1. Compute the longest continuous run of the chain that contains no exposed trypsin sites (Lys or Arg not before Pro); treat a site as exposed when its DSSP state is not H, G, I, E or B and it has at most 16 other Cβ atoms within 10 Å.
2. Going by how many other beta carbons lie within 10 Å of each one, how would you line up Leu302, Leu232, fewest first?
3. Please give the direction-averaged projected area of the C-alpha convex hull for region 2-66, in square nanometres with one decimal.
4. Can you sort Thr44, Thr137 so the residue with the fewest Cβ neighbours within 10 Å comes first?
5. How much length would be gained if the chain were fully extended between Ala229 and Val98, taking 0.36 nm per residue of separation minus their Cα-Cα distance, in nm to one decimal?
6. Spelling out what I want: for every residue of region 215-221, take phi, set θ = phi - 60°, compute 6.51 cos²θ - 1.76 cosθ + 1.60 (Karplus), and round to whole Hz; glycine and proline get x.
7. Tell me the mean residue ellipticity at 222 nm calculated for the chain from its helices only (DSSP H runs of n ≥ 4, each -39500 (n - 2.57), averaged over every residue, nearest 500).
8. Note the direction-averaged projected area, equal to a quarter of the hull surface, for the Cα convex hull of the chain, in nm².
Amino acid sequence: MELIERYLHAIRPWLPLGSPRDEILRELSEDIRSEVDERRGDRTEIPEPELVAILKARGHPVAVAARFGPGDALVGPRLYPIFRLVVRIAVGYVLLPVLAVVCVFAALRSSHPFGAGIESLLSSVQVVFTMLGVVVTVFAILERYAKDTELAVEWDPRRLPRVRKDGEEHRCHAWGVAIGNVILAILFASFALRYPLLLPGIENLMLGGALPGPAMSAMLDSTWRLVVALALVNAAAASAMLVRPEMARASTLVIASATALLGAVMITASMPHWDAVLQVATLGEGMRAVKAAGPSIDARQLGMLLGPAFDAIAVLFFLGWGAGCLVSALVEAWRYAKL
């Protein structure tokens, strides 16, 4: 019965982690199916409206999962699954990545990067605990004073998401990782080896040879081998996930590790060129000079006016890319924990 499978699948993410989750779901499945068999009687199949009524009587999937949560606690079982989700999103997916970027930038902008990084890290820890305190306080108040009827929500078992087949939910993700990283490896190696410069008429696009600038060239030269290697590792791990779905957990761990290393490589390569970022301020002046020169300006003159600013933007791009890789690695680590 597909509707029962969808109901149990909706309960699963809210249950405690570990082996008890499978045992709880097995017991719930047997209990629901026994009730359905009793209601069906001599009929071949129970009508859908009756099955919907049975599932509705058992409660919303979150409410059912909450009954198997911790007992007497500051945040009780009826709110604990929602509390856990809020903490995971607010702290794990939003606050921690933002604070990580802030710590990196604080270290880069200081003449004493190590000390500034440690100071920023301690401040970040304080912010995290403050956020946790606020969330716990809100849920503790709801636990004490909110009535069950106020927390109840209308729901329909027929609107529950369908259960995907084993490995199906990882397939699209694996295809994206494999194709994206192969393209990354090809493009990065091509630009690092200056292959695009061999195309006819490309000098105008490269601003008369001003691009790639000194900072961008140094970053490409120092990182392209590592970037290509890590991208191919990611592509290989994703391909293994496609060919052997049972290797999804191990492949996800490899992808998370390689992506984290890729982010560290990007940020490390950008740090020596942090001073070049100041050239971004020249972009406005360059654009005004280009406007004043009119249509008679050539590519080489454009390169002289705008090249330093574009080089600074490239450094910022590498920094942002590195930070994005670190966030992506955290997401992959979360996906690994869920497998």
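We did not get these values from a lab; they are worked out from the coordinates using the rules stated. All of these numbers come straight from a predicted model, not from anything done at the bench. All Cβ positions, glycine included, derive from the backbone under ideal geometry; neighbour counts span all protein chains shown.
1. Counting only loop sites that pass the neighbour cut-off, the longest clear stretch is 195-339.
2. On the way: Leu302 19, Leu232 15.
Ranking Leu302, Leu232 by Cβ neighbours within 10 Å, fewest first, gives Leu232, Leu302.
3. Numbers: hull surface 16.8 nm².
Over all viewing directions, region 2-66 projects a mean Cα-hull area of 4.2 nm².
4. Numbers: Thr44 5, Thr137 11.
If I rank by nearby Cβ atoms, fewest first, I get Thr44, Thr137.
5. 44.4 nm
6. Result, rounded to whole Hz: 5, 5, 4, 5, 5, 5, 5.
7. -24000 deg cm²/dmol
8. Numbers: hull surface 99.4 nm².
Across all orientations, the chain yields a mean hull projection of 24.9 nm².
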